[in-house]
1. Just to confirm, what accessible area per residue do you get for segment 1-57 at 1.4 Å probe, in whole Å²?
2. Taking the Cα centre of the chain as the origin and placing charges on Cβ (Lys, Arg +1; Asp, Glu -1), which of LEU61, GLY77, VAL202 is farthest toward the positive end of the dipole?
3. Work out how much length LEU206 to THR17 would gain on full extension: take 0.36 nm times their residue separation and subtract the Cα-Cα distance, in nm to one decimal.
4. Under the 0.36 nm per residue contour assumption, what length would be gained going from the current alpha-carbon distance of SER129 and ALA68 to full extension?
5. Based on alpha-carbon atoms only, what is the radius of gyration of segment 166-215 relative to the globular estimate 2.2 N^0.38 Å?
6. Filter the cross-link list LYS62/LYS84; LYS87/LYS190; LYS62/LYS168; LYS62/LYS190; LYS87/LYS203; LYS84/LYS190 down to pairs whose alpha-carbon distance in this structure exceeds 26 Å.
7. Over segment 131-232, average the accessible area per residue using a 1.4 Å probe and give it in Å², no decimals.
8. Per-residue counts of other Cβ atoms within 10 Å, averaged by peptide: what ranking do you get for 142-154, 120-132, 190-202, highest first?
Amino acid sequence: GQAAGVNVTSPTGAPGTNAVVRIRGIGSLNNNEPLYIIDGIQVNSGLTTISPNDIESMEILKDASAAAIYGARASNGVILVTTKSGKAGKSTISLDASLGLANAIGLPKMVNTAQFIELQNEAFANDGSVNRNNDNPANLTNTDWLDAIFRQALTQRYSLAFSGGTDKTRYFISGNYVNQDGTIEYSNFKRYGLRSNITSDVKSWLRIGENLNFTYESNQYIGASGDGGRPG
């Protein structure tokens, strides 16, 4: 909500779902995703591969003039991300940890077995059907399926970073871990990340550096048809 003309939504409540970003609305019938540039490198995975704690700054290019720099792919806008880097001075260590809980709300109240049989027979009568459910509720299971499917979901996020350096060599190394349970049973998302940024001024006219990003994701999701527990 801090950038005019930019709309960010979550398509589903599944853990690990990529956010849908639209800059100045929908421009075509095909791909409307913006172009992501992280530290000068184009990525196709959005911002899911980096931790928010590693982001130094973010800039959004919305004008058509961005196409002059990045080509036709920039027609849906460009998101420029600069990650943190080490600074000369005393070495620092930062730790960030957070816990969160999620619950499904606004769910309908389920009827019990006896009420279901009563409503079913009422429907038969209204339909003029000769059928009738004569099952004894005492002989049947009484399961609240919404209660069996949904749960209170825990989200854990941890990030540890080391940074510092001298006037000639600077470094920033960080690791992050995310473990997000879904509100539906057997759904879960995990991400392990490691980022390293080292820059060295060898000569007044020569600078050497490396920017390494490693991410591993594990996603156990529920399909749209209801089949669950599938690793992705």
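1. 60
2. In the chain, that residue is VAL202.
3. Gain in length upon complete extension: 63.9 nm.
4. That pair, SER129 and ALA68, stretches by 15.0 nm at full extension.
5. 1.83
6. LYS87/LYS190; LYS62/LYS168; LYS62/LYS190
7. In whole numbers, segment 131-232 has 65 Å² accessible per residue.
8. 190-202, 142-154, 120-132
The values are calculated or read from the model by the stated rules, or taken from the named source; none is laboratory data. The structure presented is a predicted model; accordingly, all values stated were derived computationally and were not measured. Quick reminder, even Gly has a Cβ in these numbers, built from the backbone with ideal geometry, and neighbours come from all protein chains shown. Ligands, DNA and RNA are excluded from the accessible area calculation, which covers all protein heavy atoms including side chains. Shrake-Rupley method; radii C 1.70, N 1.55, O 1.52, S 1.80 Å.
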